[in-house]
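The values are calculated or read from the model by the stated rules, or taken from the named source; none is laboratory data. Owing to the predicted nature of the structure, the values given are computational and were not obtained by experimental measurement. Backbone-built Cβ (ideal geometry, glycine too); neighbour counts: all protein chains shown.
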Amino acid sequence: MGFNRRKLEDQHRLAAEKEAAARRATDAQVLEDAERLIAAWNERQEKRMPMLFSPTIGAAIAAGFWFLWVRCPACRTINAIDLRTLDRHRDAAVTSLIPALSCRACPHRRIWEQLDESLEAFEKRVEEEAKALHQTSGLPAD
């Protein structure tokens with residue numbers, strides 16, 4: 001007997017249908033878990049309790065919390081960020097966004113930019129000194 005193509009296609013179709021049914025069953029549970037997680041996180045934020053965990057961006061989107069409201073502690077500017085439009089991995093924690101959320105108009109941002117610039121200048125100076133040291137020692141440069 002030979003290869004039965006229709007039987008193989010039927011097996012693949014049945015396996016795909018079974019997987020889709022299992023996925024639909026877990027989607028409701030995932031949504032419920034995401035909603036509970038975000039509600040617990042929001043409650044801790046409101047009570048100013050220590051953050052023991054941070055939900056993922058994907059969990060916030062799944063729970064329907066598409067916007068993250070942020071406030072600059074220095075100038076007290078409030079802004080909303082649409083999590084759906086971010087170029088970040090869905091499994092990244094919401095708190096991983098903190099370094100990228102500095103206020104554009106805040107003078108404290110300029111301080112951080114100056115610190116970054118001075119750090120870059122320091123790294124460049126160290127690099128130049130290392131090259132000079134290699135040249136004087138006669139070792140081949142990298």
Residues of the range 45-72 satisfying the condition of being under 14 Å from the mean Cα position of the chain (by Cα) and β-branched (Val, Ile, Thr): Thr56, Ile57, Ile61
How many residues of the range 76-109 are surrounded by 10 or more Cβ atoms within 10 Å (Cβ to Cβ), of a type in the set (D, E, K, R) and modelled with pLDDT under 80? The answer is 1
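Matching residues to (1) exposed (fewer than 10 other Cβ atoms within 10 Å of the Cβ); (2) modelled with pLDDT of 85 or more; (3) not in a helix (DSSP H, G or I):
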{"position": "Arg6", "(1), (2), (3)": "yes, no, no"}
{"position": "Gln11", "(1), (2), (3)": "no, yes, no"}
{"position": "Lys18", "(1), (2), (3)": "no, no, no"}
{"position": "Glu32", "(1), (2), (3)": "no, yes, no"}
{"position": "Glu35", "(1), (2), (3)": "no, yes, no"}
{"position": "Ala40", "(1), (2), (3)": "no, yes, no"}
{"position": "Glu43", "(1), (2), (3)": "no, yes, no"}
{"position": "Phe53", "(1), (2), (3)": "no, no, yes"}
